[in-house]
Each structure stands twice: as C-alpha cells, then as structure tokens.
Amino acid sequence: MLSTRVTVVIPTRDEEGLIGEIIDTARPYADEVLVVDGHSRDRTREIATAHEARVILDQGKGKGNALRLSIAEATGDILVFIDADGSHDPHDIPALVAPIKADQADMVVGSRGRGGSDELHGTIDQFIRYVGSQLIMLAINYRWHVRLTDSQNGFRAIRRDVAAQLGWTSNLTTIEQEMTMRALKRGFRVTEIASHEYERRWGASKVVVWKLWFAYGWSFLRNIF
Ligand SMILES: Nc1nc2c(ncn2[C@@H]2O[C@H](COP(=O)(O)OP(=O)(O)O)[C@@H](O)[C@H]2O)c(=O)[nH]1
Ligand SMILES: [Mg+2]
C-alpha cells in the first residue's frame, strides 16, 4: 500500500450553485479539499471557504492552468480532479483512487465510455465533442498499445509525484488529453473505472467547442509524437 493522503481538487469558475454540495459530498473521501478558482465573479470562493475547503486563485488562464497549480499546492499523495457542476459523482472517488492505493496504477480516469454520459449525445455540439474525443482516443490507443475508452473526462485521479513529472503545458481543457498522453509516453500505468457523467446540474459550460478545435488539434499533435 502506498501512502494514501488524498487531495480532492475542484476547479471552479462561477460555480456558486453547487460548489458547497460538491465539497461536502467529496469530503468523506478526502484528506484535503482544494478549490482552485478562476476569479469567479459570483459567491463561489465565499461558499467554498464556508464549507471549509482551502481556496486558491488560478492565474486567469483557464482550467488547465488551475489543475497545474494544484500540483504544488496540494499536500496529498494522490490528486483527484472533479468538476464543480454536478457532472461527476463524488461517491466514485474511492473506486478512482483504489487502483493507485493498491499500486496497480499511476493514473485512473473515470470513464464515460464505460459508465455512460448524459452530456455527450444529442446535439451538434455534443456530436462534435463525442466524435473528436473518440478519434483522439483511437489514436492514443494505437500509439501506445492501450485500450482506453475516455481521453477527456476531467474526473480522474493521479499520483501527485507523477503529475509533477509530466510537465503539463495546457492552460485550457486540453489538459485532460495532455495528461493522458504524457503519462502514457513516460510509461506510467493508466487505467480506468466506469463513471457515469451526469448533465451539468447548474450554470453553464465554459467550453465553446467550435472555438477550441485548434487548441485540441495542436495539443494532440504536440503530444502524440
Ligand atoms: N479554476 C478554473 N476553473 C475553470 C475554468 N474554466 C472552467 N473551470 C471549471 O472546470 C470545470 C469544467 O468546466 P465546464 O465548463 O463544465 O466544462 P465541460 O464540463 O467540459 O463542459 C467546472 O468546474 C468549471 O467551473 C477556469 O478558467 N479556471
Ligand atoms: Mg461540465
């Protein structure tokens, strides 16, 4: 058994609606709850502090920037990243960290391929996200001879010392695929558990998919080779 302190990292930007609930639900599974806030203009930071999370600010560059900052700020040996919009179920955290605690994995992704998603199917935007992420997943699987099913989900766990070695550069939501590709490239063990993705329960997504195709393409090309 590896040493097992878990820091749950929640990136937020204008998430006052659910942040308190997510902190409270994640707390039993966490030694530390760290909210990395993207300069919310609502009450997110105030509510997070009231719910006894540690709150720090990102550098205003995006979600990837927020997750990168958490590597140095967290005190846990394992980082669990979870969104603040109700898409991920904090009750899946024990399953997510179990393979790392058992020293069977260095990173574990909550897979929507295995657990299903209420956010990937139905509209043109969702179709683009779905097809794009599937194509990226295919390329990753053949490139590194793995059989993963989700290259993009933000709900995942990683050893903090491993995260620190990967040299992430993404400031945007491209952080997820970069994290997966860099971990595989360095020979770290990447596995998945089934995790269902729910529809965002409050507020609006910050990801505008048609504005990001270049960022995703570029991040993919830089990391796949
Ligand atoms: N710290 C920080 N968090 C962000 C930023 N942009 C988005 N987030 C958070 O990242 C999570 C996922 O964002 P969301 O917009 O739901 O993306 P989607 O789930 O891919 O549609 C949410 O908890 C957001 O509040 C940012 O610039 N900084
Ligand atoms: Mg979301």
So which residues in region 186-225 are within 16 Å of ligand 1 (Cβ to nearest atom), out of contact with any Ser or Thr (no Cβ under 9 Å at 6 or more places or on another chain) and either β-branched (Val, Ile, Thr) or outside any loop (DSSP other than H, G, I, E, B) (or both), if there are any at all?
VAL208, VAL209, TRP210, LYS211, TRP213
Within region 30-55, take every residue that is of a type in the set (A, V, I, L, M, F, W, C) and under 17 Å from the mean Cα position of the chain (by Cα) and give me the one that is farthest from ligand 1 (Cβ to nearest atom).
ALA30
Is it the case that some residue within region 72-91 is surrounded by fewer than 23 Cβ atoms within 10 Å (Cβ to Cβ), of a type in the set (Ser, Thr, Tyr) and not in a loop (DSSP other than H, G, I, E, B)?
no
What are the residue pairs meeting all of these: first residue in region 28-54, first residue touching a residue at least 12 places away in the same chain (Cβ under 8 Å), second residue polar (S, T, N, Q) and surrounded by fewer than 19 Cβ atoms within 10 Å (Cβ to Cβ), Cβ atoms under 6 Å, and 6 or more apart or on different chains?
GLU32/THR75
Looking at region 172-221 only, could you name the residues that are aliphatic (A, V, I, L, M), within 16 Å of ligand 2 (Cβ to nearest atom) and crowded, with 21+ Cβ neighbours inside 10 Å?
ILE175
Any hit, region 155-163, residues being part of a strand (DSSP E or B), among the hydrophobic types (A, V, I, L, M, F, W, C) and touching a residue at least 60 places away in the same chain (Cβ under 8 Å):
yes
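Each reported figure results from applying straightforward, stated rules to the coordinates on display, with no laboratory input. Given the structure is predicted, the values throughout are model-derived calculations rather than measurements. Ideal geometry is used to build each Cβ from the backbone, glycine not excepted, and the neighbour counts take in all protein chains shown.
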